[in-house]
Amino acid sequence: MSATDTQPELEFEEVLRPAGFGARVKELLRTSWLFRIGLVIVVIAVILAIIGPYIARFPLETATLDTNEGPSSKHWFGTDSNGFDIFSRVLAAPRIDVSIALAATAISLAIGSLLGLLTGYFRGWAGESVMRVVDTIQAFPLFVLAIIVVVMTGRSIQNVIIVIALLNIPIFLRMMRSQVLSLRERTFVEAARSSGSRELNIAFGHVLPNGLSPGLAQAPITMGFAILVTAGLSFIGAGVQPPTPEWGAMIASGADTIVIGEWWTSVFPGIAISLTVFGFAVVGEGLRAMYLRQG
């Protein structure tokens, strides 16, 4: 057998071989100080989402007698108009914000990747119909659409997760579909097909794993966007409802008093949101740049 006869099988094995994701991340950590900062912020946010309510300095359910007090040695970030300790609530808020973002991103990544795989690999009228629905969704301003859907379906954490997931499905769908349209013409797919593999097995066993990289790189950026949407919905009263600790709702509670000098109620939650979204965005951009260099 000649070298050219074995080439499709060699390429098939090379494409499916693990691409050394961990090694590339280590290289990124070594070369990018901004990525390191972003990763530290993300790790802190995740840790606070797990243990934040347990390390709060004051009980989250019980208001103190100190209302509208500025930052002090007793209340490091001050208190709000209800007497809640802002520092404790800032620490506890990631339990809601990060959890919503993680759940919504996971749902949108799973559904979007699946639809992108099916519409890209099998195509046909069904795939085109799905793409037209996606175009319709993306034609609306996303935040306005989120407000409308949440108000119609009810103001609950579950509905916020579903709405944010629906808003982000088109992003992952288009990414996966673009990858699949390219991968389905590759030699390793032809090699699998010629070996007798069924089309469904090729799609899920070979094309899907090789097409996930852009979506996985996009996921941290989408989580940052989800945190912003969650905070925005809560700020206007359409998301997480008080007294549940949530950054957007905390900013809203102090929006009326910031003009009279009581800035701490809104500023500290705002800083927390900004840093967290920045961290997720930097990590996502770093992973996306890594993927582009690889590609």
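Of the residues making up the stretch 256-295, those that are more than 20 Å from Glu69 (Cβ to Cβ) and open to solvent by 60 Å² or more (accessible area, probe 1.4 Å) are Ser274, Leu275, Phe278, Glu285, Arg288, Leu292, Arg293, Gln294, Gly295. In a residue-by-residue description of the stretch 243-255, the property of being open to solvent by 40 Å² or more (accessible area, probe 1.4 Å), part of a helix (DSSP H, G or I), more than 29 Å from Leu34 (Cα to Cα) and not aromatic (Phe, Trp, Tyr) applies to at least one position. Pro170 fulfils the conditions (1) buried (at least 21 other Cβ atoms within 10 Å of the Cβ); (2) within 30 Å of Ile86 (Cβ to Cβ) except for a single criterion, (2).
Applying the criterion of being more than 12 Å from Arg89 (Cα to Cα) and either in contact with a helix residue (DSSP H, G or I) (Cβ under 8 Å, 6 or more places away or on another chain) or touching a residue at least 24 places away in the same chain (Cβ under 8 Å) (or both) to the residues of the stretch 51-79, the residue that is least open to solvent (accessible area, probe 1.4 Å) is Gly70.
Can you find a residue that is free of Cβ contacts under 8 Å to residues at least 12 places away in the same chain, open to solvent by 70 Å² or more (accessible area, probe 1.4 Å) and either of a type outside the set (Gly, Ala, Ser) or closer than 21 Å to Ala252 by Cα (or both) anywhere in the stretch 85-103? No, the stretch 85-103 contains no residue that is free of Cβ contacts under 8 Å to residues at least 12 places away in the same chain, open to solvent by 70 Å² or more (accessible area, probe 1.4 Å) and either of a type outside the set (Gly, Ala, Ser) or closer than 21 Å to Ala252 by Cα (or both). Of all residue pairs spaced 6 or more apart or on separate chains, those with beta-carbon atoms under 7 Å, a first member in the stretch 131-157 that is touching a residue at least 12 places away in the same chain (Cβ under 8 Å) and a second member that is part of a helix (DSSP H, G or I) and not hydrophobic (A, V, I, L, M, F, W, C) are Met131/Thr119; Val134/Pro170; Ile137/Pro170; Gln138/Pro170; Phe143/Gly232; Val150/Asn159.
Counting only helices (runs of 4 or more DSSP H) that sit completely within the stretch 125-235, those holding 3 or more residues that are under 30 Å from Phe278 (Cβ atoms) and at pLDDT 85 or above correspond to 142-153, 157-183, 213-235. Pull out all pairs, ordered by first then second residue, where Cβ-Cβ is under 8 Å, the residues are six or more apart or on different chains, the first lies in the stretch 18-42 and is loosely packed, with under 15 Cβ neighbours inside 10 Å, and the second is modelled with pLDDT of 80 or more and hydrophobic (A, V, I, L, M, F, W, C). Partner pairs satisfying both residue conditions: Leu29/Phe35; Leu29/Leu39; Leu34/Val282. A Cβ distance below 8 Å, combined with a sequence gap of six or more or placement on separate chains, defines the contacts here; from the stretch 245-269, residues that are closer than 17 Å to Ile227 by Cα reach residues that are open to solvent by 10 Å² or more (accessible area, probe 1.4 Å) and not in a helix (DSSP H, G or I) in the pairs Pro245/Leu60; Ala249/Gln241; Ala249/Pro242; Met250/Asp80; Ala252/Ile236; Ala252/Gly237; Ser266/Ala255; Phe268/Phe77. In this structure, is Leu216 closer than 30 Å to Val149 by Cα and open to solvent by 40 Å² or more (accessible area, probe 1.4 Å)? It is true that Leu216 is closer than 30 Å to Val149 by Cα and open to solvent by 40 Å² or more (accessible area, probe 1.4 Å).
The values are calculated or read from the model by the stated rules, or taken from the named source; none is laboratory data. Keep in mind it's a predicted model, so treat the numbers as computed, not measured. Neighbour counts run over all protein chains shown; Cβ positions are idealised from the backbone, glycine included. Side chains included, ligands, DNA and RNA excluded: accessible areas come from the protein's heavy atoms. Shrake-Rupley method; radii C 1.70, N 1.55, O 1.52, S 1.80 Å.
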